[in-house]
1. Could you list log10 I(q)/I(0) for region 167-230 at q = 0.13, 0.16, 0.17 Å⁻¹, which the Debye formula gives when each Cα is one point scatterer?
2. Rounded, prolate or oblate: pick one for region 199-249, where a ≥ b ≥ c are the square roots of the eigenvalues of its C-alpha gyration tensor, a/c under 1.5 means rounded, and failing that, prolate if a/b is larger than b/c, else oblate.
3. Working out 0.36 nm times the residue gap between Ser43 and Val164, then minus their Cα-Cα distance, what length gain in nm do you get to one decimal?
4. Highest GNM mean-square fluctuation, the chain, Cα pairs closer than 10 Å: which of Pro135, Pro195, Pro227?
5. What's the extension gain from Met1 to Val174 if we count 0.36 nm per residue and subtract their Cα-Cα distance?
6. Please compute P(r) over all alpha-carbon pairs of region 1-86, binned at 5 Å starting from zero, and give each bin as a whole-number percent.
7. Quick one: which residues, 5+ away or cross-chain, put their amide H under 5 Å from the amide H of Ala218? H built at 1.01 Å from N.
8. Which angle between 0 and 90 degrees, to the nearest 10, do you get for helix 184-193 versus the longest principal axis of the chain when only C-alpha atoms count?
Amino acid sequence: MKVKTILVSQPEPKIENSPYFDLQEKKRVKIDFIPFIHVEGMSGKEVRHQKVDLKDYTAIILTSRNAVDHFFRIAEEMRYKVPDSLKYFCQSEAVAYYLQKYVVYRKRKIYVGKRTFAEMAPILKKYKTEKFLLPSSDVMKPEIPETLDELKINYRQSTFYRTVVSDLSHLKDVTYDILVFFSPSGIKSLFENFPNFKQNDTRIAVFGSSTIHAANEAGLEINIKAPTPETPSMTMALEKYIDEINNKK
């Protein structure tokens with residue numbers, strides 16, 4: 001069956017030059033963006049119950065834009081004035097760039113990783129005397145605590161926000177040729193919303209090893225995987241699949 005419709009289980013990209021928009025135009029397919037999960041912030045009271053006092057920490061580890069938003073939200077709610085001396089360790093350039101929403105970049109001590117959390121290890125290793133706070137979601141990649149524990153640094157993880165399944169009831173009678181997933185939480189949301197979901201002719205695209213594992217566990221047949229050496233991005237993997245299927249005679 002040819003591919004005409006794709007559902008991406010994430011919010012619509014905010015940048016105009018997103019490769020998804022290029023794919024849509026180039027391959028003449030319809031792409032909808034509907035987040036299967038969303039983030040809800042913990043209250044200051046809930047964070048206090050975790051016995052976290054923000055003034056106890058000299059450095060903060062930020063793994064995502066959500067972590068940035070919720071750290072500063074909690075700081076404001078707790079009436080904690082973030083000191084200029086606080087050190088920021090950002091997992092990627094994108095996270096560091098987003099930090100400018102809250103601080104004057106050139107006046108702060110900001111250390112930036114490359115892409116994965118493991119790649120931050122050499123930077124963190126140089127600052128073992130710091131007391132690190134790791135504000136995170138209730139769902140965290142295992143490599144994060146594993147890397148920190150291996151480094152034997154003084155850190156505390158605290159849940160500042162939680163991942164929640166979105167209501168997808170409006171999709172009950174809607175079908176797509178391809179469903180695209182980026183996390184195990186997305187797979188979980190699919191089956192919580194539609195316990196009797198049958199894949200039938202729907203193709204499943206997944207990104208990342210943990211998502212692949214979750215899809216297999218759920219009994220889904222995976223048709224498209226990324227990243228691979230040939231297709232390092234999901235859009236490249238989708239384009240390759242569409243070319244193979246839609247050009248069949």
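The values are calculated or read from the model by the stated rules, or taken from the named source; none is laboratory data. Predicted model, so just to flag it, every value in this text is computed and none were measured. Cβ atoms come from the backbone with ideal geometry, glycine included; neighbour counts cover every protein chain shown. Please note that ligands, DNA and RNA were not included when accessible areas were found on the heavy atoms of the full protein model with its side chains. Shrake-Rupley method; radii C 1.70, N 1.55, O 1.52, S 1.80 Å.
1. -0.32, -0.49, -0.55
2. Values: a/c = 3.29, a/b = 1.25, b/c = 2.64.
Taking the square roots of the gyration eigenvalues as a ≥ b ≥ c, region 199-249 is oblate.
3. Numbers: separation 121, 0.36 × 121 = 43.56 nm, distance 1.51 nm.
Residue separation times 0.36 nm, minus the Cα-Cα distance, leaves 42.1 nm.
4. Pro195
5. Numbers: separation 173, 0.36 × 173 = 62.28 nm, distance 1.71 nm.
In short, 60.6 nm is gained.
6. Going out from 0 Å in 5 Å bins, region 1-86 shows 3, 11, 16, 17, 11, 8, 10, 9, 7, 6, 3, 1 percent.
7. When sequence neighbours closer than 5 places are left aside, there are no close amide H contacts.
8. On a 0 to 90 degree scale, this one is about 60.
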